[in-house]
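*Asks:* Please read through the structure below; I'll follow up with questions.
The values are calculated or read from the model by the stated rules, or taken from the named source; none is laboratory data. Model, not experiment: these values are computed from the prediction. Positions of Cβ are backbone-derived with ideal geometry, glycine not excepted, and every protein chain shown enters the neighbour counts. Each accessible area value is taken on the protein alone, full model and side chains, heavy atoms only, with ligands, DNA and RNA left out. Shrake-Rupley method; radii C 1.70, N 1.55, O 1.52, S 1.80 Å.
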Amino acid sequence: MKIHEHQAKEILARYDLPIPKGKVAHTPEEARAIAEELGGQVVVKAQVHVGGRGKAGGVKLAQSPAEAEEVARQILGMEIKGIPVKKVLVTEAVEIAEEYYLGLTLDRDARMLVMMLSASGGVDIEEVARETPEKIAKVWIDPLEGLHPYQLRELIYTAPGVNQQKVGKIAEIASKLYQCYLDYDCNLVEINPLVVTGEGELVCVDAKIDFDDNGLFRHPELEEYREVGADLDEYEKYAHEQGVTYVHMPEKQRGRVGIIGNGAGLVMTTLDVVARAGEPPNNFLDVGGGSRADMIVKALDVVLRDPEVKAVFVNIFGGISRCDEVAKGLVEGVKSLRREVPIVVRMTGTNEELGRQILSEQGGDRFITASTMEEGARKVVEIVHQMEAESTA
Ligand code: GDP
Ligand code: MN
């Protein structure tokens, strides 16, 4: 479970970590009042469950309460990665000399926790990790042994560019972060940036915590942080309302093929096979087991809501779901489609002959059938590529 920056800071403050003063505002007027109370320069920060707020214009400095109100008005009217901003954190501005990254997460391959420190913190840490991984120092923490003090020193000594006069302070912050990670059964605790100020003080300017959902029952007090649907985009929200299990792929990765299948494993495999055939899938949609015709109708409606989807691949294994039911749903579904797009269908299992018969007799030429998943993937990808070639020709 993800929480907002201001909530993560609330938790970290319990460990006496250096957090700038601040409060949450839901309106521009509230932001102004908080800025007046804090005095001096403030930063107004969008509170949404996604990173990269700075780059998206969701973090802004304000010199006066009037300016705080003004930038809060802008930020509260924004969407960041499809998520509308409903509240902002108004916080004391920190004077930045250096921006470090400090984070702790689980390394599943190593079966240990990994703590990371870099002098190249700030907004581009993912790029640093990709392009110049040597700039990030790491130590692995054995869950049975726990964190040894020497490991903290090693982490700080081996992080290129980290001010070695700060060893004591950084070690203290890192060890508190580790304690917080354990206490709350986290997946991730991250401070980015951990700022060194002009006066040489260390301050946690941004904080991120992701809790392990499997550990949440041990922390009933965290329930208040739960926001159903806070990290869903508009398409996912719509699907949720319809009772459909749907994930819209991240903006940068998604392509034009809509996917419908039954069973999480089959749908995931379908995503991989379509991607391998040459087009990133647009979504994940699992109609579940025993899915009846009306569920397929809903599924088509949800998938086609994104105008980027140019063709759909329906991949059904008829176990509990019977292929004839699915075929009926498809025939019914195309009558009320929000848009006409090619639909490739692969069905196998219970009543598959009957299903195919329904599709060909009642569906006319609306459906393109495939007998294997690979064939279906190839066909659907060919179709969108063909459409693209025709539109650019
Ligand atoms: P993120 O983009 O979602 O990670 O949001 P952050 O809270 O990390 O802010 C992004 C960037 O805004 C930081 O890396 C800083 O460069 C800048 N920033 C945030 N708070 C302050 C501040 O108090 N003072 C100054 N000078 N810059 C800030
Ligand atoms: Mn940040």
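*Asks:* May I ask you to verify whether residue 170 is open to solvent by less than 60 Å² (accessible area, probe 1.4 Å), away from ligand 1 (no atom under 16 Å from the Cβ) and under 23 Å from residue 124 (Cα atoms)?
*Replies:* Details: open to solvent by less than 60 Å² (accessible area, probe 1.4 Å): yes; away from ligand 1 (no atom under 16 Å from the Cβ): yes; under 23 Å from residue 124 (Cα atoms): yes.
Spelling it out, residue 170 is indeed open to solvent by less than 60 Å² (accessible area, probe 1.4 Å), away from ligand 1 (no atom under 16 Å from the Cβ) and under 23 Å from residue 124 (Cα atoms).
*Asks:* Would you check which residues across the stretch 272-288 are aliphatic (A, V, I, L, M) and under 20 Å from residue 321 (Cα atoms) and list them? Write out each step before concluding.
*Replies:* Restricting attention to the stretch 272-288, the residues satisfying the condition of being aliphatic (A, V, I, L, M) are 273-275, 277, 285, 287.
Within the stretch 272-288, 285, 287 qualify.
*Asks:* In addition: Quick one: which of 53, 14 is buried (at least 19 other Cβ atoms within 10 Å of the Cβ) and either touching a residue at least 12 places away in the same chain (Cβ under 8 Å) or on the phi < 0 side of the Ramachandran plot (or both)?
*Replies:* Values: 14 fails: buried (at least 19 other Cβ atoms within 10 Å of the Cβ).
It is 53.
*Asks:* Restricting attention to the stretch 56-88, which residues are open to solvent by 10 Å² or more (accessible area, probe 1.4 Å) and within 11 Å of ligand 1 (Cβ to nearest atom)?
*Replies:* Correct list: 56, 57, 59, 60, 61, 81.
*Asks:* Can I ask one more? Given 297, 287, 273, which one is among the β-branched types (Val, Ile, Thr), modelled with pLDDT of 95 or more and surrounded by 19 or more Cβ atoms within 10 Å (Cβ to Cβ)?
*Replies:* Working: 297 fails: modelled with pLDDT of 95 or more; 287 fails: modelled with pLDDT of 95 or more.
So the residue among 297, 287, 273 that is among the β-branched types (Val, Ile, Thr), modelled with pLDDT of 95 or more and surrounded by 19 or more Cβ atoms within 10 Å (Cβ to Cβ) is 273.
*Asks:* While we're on this one: From the set of residues in the stretch 89-141 that are closer than 30 Å to residue 234 by Cα and modelled with pLDDT under 95, which is surrounded by the most Cβ atoms within 10 Å (Cβ to Cβ)? Reasoning before the result, please.
*Replies:* Filtering the stretch 89-141 for residues closer than 30 Å to residue 234 by Cα gives 89-91, 105, 122-127.
Next, from what is left, pick out any that are modelled with pLDDT under 95: 122-127.
Working: 122: 18, 123: 16, 124: 16, 125: 21, 126: 10, 127: 10.
The extreme case among them is 125.
Per-residue answers, yes or no, for (1) in contact with a strand residue (DSSP E or B) (Cβ under 8 Å, 6 or more places away or on another chain); (2) of a type in the set (A, V, I, L, M); (3) in the same structural domain as residue 214 (by TED's automatic domain parsing):
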site	(1), (2), (3)
1	yes, yes, no
7	yes, no, no
10	no, no, no
16	no, no, no
27	no, no, no
38	yes, yes, no
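*Asks:* When the stretch 265-292 is examined, which residues are found to be without any contact (Cβ under 8 Å) to a residue 40 or more places away in the chain and small (Gly, Ala, Ser)?
*Replies:* Result: 265, 275, 289, 290, 291.
*Asks:* What about residue 322, is it touching a Leu at 6+ places or on another chain (Cβ under 9 Å) and open to solvent by 60 Å² or more (accessible area, probe 1.4 Å)? I'd like the intermediate steps shown before the answer.
*Replies:* Details: touching a Leu at 6+ places or on another chain (Cβ under 9 Å): yes; open to solvent by 60 Å² or more (accessible area, probe 1.4 Å): yes.
For residue 322, the condition - touching a Leu at 6+ places or on another chain (Cβ under 9 Å) and open to solvent by 60 Å² or more (accessible area, probe 1.4 Å) - is met.
*Asks:* What number goes with the only condition from (1) in contact with a helix residue (DSSP H, G or I) (Cβ under 7 Å, 6 or more places away or on another chain); (2) within 16 Å of ligand 2 (Cβ to nearest atom); (3) within 22 Å of residue 218 (Cα to Cα) that residue 192 does not pass?
*Replies:* Condition not satisfied by residue 192: (3).
*Asks:* Here is a follow-up. Being aromatic (Phe, Trp, Tyr) and modelled with pLDDT under 95: is that true of residue 238 here? If you could, list the steps in order and put the result at the bottom.
*Replies:* Values: aromatic (Phe, Trp, Tyr): yes; modelled with pLDDT under 95: yes.
Against the criterion (aromatic (Phe, Trp, Tyr) and modelled with pLDDT under 95), residue 238 qualifies.
*Asks:* Additional query: Considering only the stretch 8-98, give the strands (runs of 3 or more DSSP E) lying wholly within it that have at least 2 residues that are within 16 Å of ligand 2 (Cβ to nearest atom). Write out each step before concluding.
*Replies:* Numbers: elements: 22-25, 42-46, 59-62, 88-92.
Per the criteria, 42-46, 59-62, 88-92.
*Asks:* Tally the residues that are within 13 Å of ligand 1 (Cβ to nearest atom) and either farther than 12 Å from residue 97 by Cα or not assigned by TED's automatic domain parsing to the domain that holds residue 118 (or both), restricting the search to the stretch 191-219. So that I can check it myself, show each step before the final result.
*Replies:* Residues of the stretch 191-219 that are within 13 Å of ligand 1 (Cβ to nearest atom), as a first pass: 191-198, 201, 203-208.
In the following step, the residues that additionally are either farther than 12 Å from residue 97 by Cα or not assigned by TED's automatic domain parsing to the domain that holds residue 118 (or both) were identified as 191-192, 204-208.
Of the residues in the stretch 191-219, 7 are within 13 Å of ligand 1 (Cβ to nearest atom) and either farther than 12 Å from residue 97 by Cα or not assigned by TED's automatic domain parsing to the domain that holds residue 118 (or both).
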